[in-house]
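The next block holds one structure in the form of structure tokens; read it before the comments.
The values are calculated or read from the model by the stated rules, or taken from the named source; none is laboratory data. Note that the coordinates shown come from a computational prediction; the quantities given were computed from them, not determined experimentally. Here the Cβ is made from the backbone with ideal geometry for all residues, glycine too, and neighbour counts use every protein chain on show. These area figures cover heavy atoms from the full protein model, side chains too; ligands, DNA and RNA do not enter into them. Shrake-Rupley method; radii C 1.70, N 1.55, O 1.52, S 1.80 Å.
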2 protein chains.
Amino acid sequence: LTNPLTYKHKKVQRARKLARKREYRKDQGVFIVEGYKLISEAVDSGAAIESVFAAPDVDFAFSQSLLDSGVRVYPLAAGVMERIADAVTPQPVLAIVRSPQFDRAVLSGVSSVLVLVDVRDPGNAGTILRSAEAAGVGAVVFCDGSVDVLSPKTVRSSAGAVFRVPVVDAITAGDAISILKSLDFVLIGTAGGAKTPYDEVDLVSRVAVLFGNEANGLEGEVLAAMDHSVVIPIEGKSESLNVSMAAAIVSFELARQRRSRSSTSA
Amino acid sequence: LTNPLTYKHKKVQRARKLARKREYRKDQGVFIVEGYKLISEAVDSGAAIESVFAAPDVDFAFSQSLLDSGVRVYPLAAGVMERIADAVTPQPVLAIVRSPQFDRAVLSGVSSVLVLVDVRDPGNAGTILRSAEAAGVGAVVFCDGSVDVLSPKTVRSSAGAVFRVPVVDAITAGDAISILKSLDFVLIGTAGGAKTPYDEVDLVSRVAVLFGNEANGLEGEVLAAMDHSVVIPIEGKSESLNVSMAAAIVSFELARQRRSRSSTSA
């Protein structure tokens, strides 16, 4: 066994930077996965684990199972994990995982897509991945301007969905719209000012549902390019729904319509 | 103007305890509301503001408007708000607000209710209040075992809905069920093991939808007392939805059915 790594060790400094810097993650081609459950899900999904850092209170059987499968596990000195990890209460184990290759080609094989045009909050983005997976949405597109799909908080909030839902990123909203149109997706924009309730459009056809910025929603050219604009009708004095809640509600309406259609035609 | 209060001042110590102790909030009959927006919403809802604490960087116009309306505003010395407030990055203003009197009688005047049997996470509880308001749900019942509806994090997560959605608390699940049955509510339990999809039950009638613990869902006698048990069908490898997501999906299905019914009968 090696000596526990201190905060000054260059591997620790690199991990800390990976947890914080999107450009550095991109440059290095890896991202951070925190905790037993998410690391297990990364392994299950076939992700390549580059290395693992373990705090002194790590579960021995867990780190042994990683060692047994050929993963390099570095023990950390006490207090070091707290300085690497992004979470307020860090998990005792953290993996550096090879970033997946997101391929636009997935879009041609799916019948529903969520498109995040400018979703800034990593927690919202992760929650959207989670509910998209649960509702059976085919893929999620992160347009330029949206948060990094591989940020530690997005990974955590996704509850592992980031390892399973096909994702497209590094694409402008304009290019995403062009590609989706060329694939005969019906483009549905969500906008607070729209007249049509979201449940009154056909979500059984091949559809892409677009969500805008948390504060401003979809705007300008993107909104103008939509085949339909829809609203989630809101009661009371609430101003609007959180974008992750809106995405879940539309995703499950899509699932409902598809279940309903298939039981009717059966 | 009074001198800024230091951390040792008894009013500061009391506020700190109010932010942390449910029993103390109950005993004192007040709760904590943080930030400009939430305090404004508390005022708009007619809540009685007992007093306000303002950090040195408070917006002058905001504290002046409170002073003008007769609210006692205490300036805090630098660094004191950080030790009172529950949030990681505290807002520069914090109010102590008289707790509302939650009255079970509201249940007789509404046609839909969410019942939280054992929802432990304050963020989930607040998010449920927010989506319940947005979907037009009539009231939310917090059964014993659930988080305090007036905890700072619930208040924050509710985005002000806590001031507007009728709430019932201090009630056992058994009493809530008895009362709702006596008022002819159809009781619908959400349970991962149920066979009926949530959208295949009638949510237009007078319904109460019950949600259980984050980890275990509804169990035992409570589940046995339901008229229907429903599930939100989940695709993929996701294990289950977060309870706040589940509540939003069911609440908006209820709203959808009611809109759809009223447009059909019109």
Fill in the blank from the handout: The residue that is surrounded by the fewest Cβ atoms within 10 Å (Cβ to Cβ), considering only those in the range B:201-216 that are among the small types (G, A, S) and more than 13 Å from B:D118 (Cα to Cα), is B:S205
Practice task
State which residue is surrounded by the fewest Cβ atoms within 10 Å (Cβ to Cβ) when the search covers only the range A:65-77 and only residues that are in a loop (DSSP other than H, G, I, E, B) and without any contact (Cβ under 8 Å) to a residue 40 or more places away in the chain.
Solution key: A:G70
Completion exercise
Taking the range B:227-253 and keeping residues open to solvent by less than 50 Å² (accessible area, probe 1.4 Å), closer than 21 Å to A:F163 by Cα and part of a loop (DSSP other than H, G, I, E, B) leaves B:P233, B:S238, B:L241, B:N242
Completion exercise
Of those in the range B:217-226 that are open to solvent by 50 Å² or more (accessible area, probe 1.4 Å) and in contact (Cβ under 8 Å) with a residue 24 or more places away in the chain, the residue nearest to the other protein chains (Cβ to nearest Cβ) is B:L223
Exercise for the section: Spot the failing condition for A:R258; the list is (1) among the charged types (D, E, K, R); (2) more than 7 Å from chain B (Cβ to nearest Cβ); (3) in contact with an Asp or Glu (Cβ under 7 Å, 6 or more places away or on another chain), and only one is missed. Expected result: (3)
Practice task
Determine if the range A:243-253 includes at least one residue that is touching a Lys or Arg at 6+ places or on another chain (Cβ under 9 Å) and away from chain B (no Cβ under 14 Å).
Solution key: no
Exercise for the section: Scan the range B:101-146 residue by residue and report those that are in contact with an Asp or Glu (Cβ under 8 Å, 6 or more places away or on another chain) and open to solvent by less than 10 Å² (accessible area, probe 1.4 Å). Expected result: B:V119, B:A134, B:A135, B:V141, B:F142, B:C143, B:S146
Handout entry: Boolean, B:D27 is exposed (fewer than 14 other Cβ atoms within 10 Å of the Cβ) and either touching a Gly at 6+ places or on another chain (Cβ under 8 Å) or not in a helix (DSSP H, G or I) (or both)
Key = no
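Regarding A:A246, is this residue closer than 23 Å to A:T127 by Cβ and in contact with a strand residue (DSSP E or B) (Cβ under 9 Å, 6 or more places away or on another chain)?
yes
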Practice task
Considering only residues that are in contact (Cβ under 8 Å) with a residue 60 or more places away in the chain and surrounded by fewer than 18 Cβ atoms within 10 Å (Cβ to Cβ), look in the range A:79-93 and name the one that is nearest to A:Q13 (Cα to Cα).
Solution key: A:R83
Handout entry: Selected residue (criterion: nearest to A:R120 (Cα to Cα)) from residues of the range A:147-161 that are open to solvent by 10 Å² or more (accessible area, probe 1.4 Å) and within 14 Å of another protein chain (Cβ to nearest Cβ)
Key = A:K153
